[in-house]
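Please read the structure below before turning to the comments.
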């Protein structure tokens, strides 16, 4: 989305990042990083910066950020839309166990040692310490530092997209028996889901959190169309 909007000289675009990634990908628009101080803090930022339109394009599991964005837009009467990509849907051959919380995912691993591929953010890994009997391959964007208190853990870093063939090779090389993942949707990280299906590997899938009711679309193209309509409507009203 930033790439598409960067070329539009009539817009002043700012991309806001949560600040949880040490080395985020370079962007073609101005970037700010870090929190705002909740919905009220974001509303104050919208006022100070004279923001006209707010697009919530955060991760589908960042429910707190989405709630704050929606509330702040209402406080400041700023036009708002959420980009919410559809979740993956299981197909024939998938073996999914859907759970609500990370602690549920750890319990779903069971009492017998297993070799587990974990593809979650660094801040969500602590519950793994409740089940140190398993052998974990933990992949994250940034290094896990300090490492978890686990007897059997291997850490790798990587930033998607991940191809299915590469994911199959990784799972085979480490003898993976189960994958813990989020239902992020989209194509960038679907490779592990397709690879698990091909290899007959179980996926313990963390369900998405509930998100606030708000105008929403599913693709970047939909956001751009919504934005064009919003700008046209504003121009027609002389705003």
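Things to note:
- Residue in the stretch 75-92 that is part of a helix (DSSP H, G or I) and not assigned by TED's automatic domain parsing to the domain that holds residue 191 present: yes
- Check on residue 63, loosely packed, with under 14 Cβ neighbours inside 10 Å and assigned by TED's automatic domain parsing to the domain that holds residue 222: no
- Residue tally, condition assigned to a loop (DSSP other than H, G, I, E, B) and more than 24 Å from residue 221 (Cβ to Cβ), over the stretch 1-51: 12
- Among the candidates 137, 224, 133, the residue that is surrounded by fewer than 17 Cβ atoms within 10 Å (Cβ to Cβ) and not in a loop (DSSP other than H, G, I, E, B) is uniquely 224.
- Candidate set from the stretch 140-175 (those that are closer than 22 Å to residue 89 by Cα and not in a helix (DSSP H, G or I)); member that is modelled with the lowest pLDDT: 160
- The stretch 9-29, subset touching a strand residue (DSSP E or B) at 6+ places or on another chain (Cβ under 7 Å) and modelled with pLDDT of 90 or more, residue surrounded by the most Cβ atoms within 10 Å (Cβ to Cβ): 16
- Within the stretch 39-51, the residues that satisfy the criterion of being surrounded by 14 or more Cβ atoms within 10 Å (Cβ to Cβ) and either closer than 23 Å to residue 9 by Cβ or touching a helix residue (DSSP H, G or I) at 6+ places or on another chain (Cβ under 6 Å) (or both) are 39, 42, 43, 46, 51.
The values are calculated or read from the model by the stated rules, or taken from the named source; none is laboratory data. Note that the coordinates shown come from a computational prediction; the quantities given were computed from them, not determined experimentally. Please note: Cβ atoms are built from the backbone with ideal geometry, for glycine as well, and neighbour counts cover all protein chains shown.
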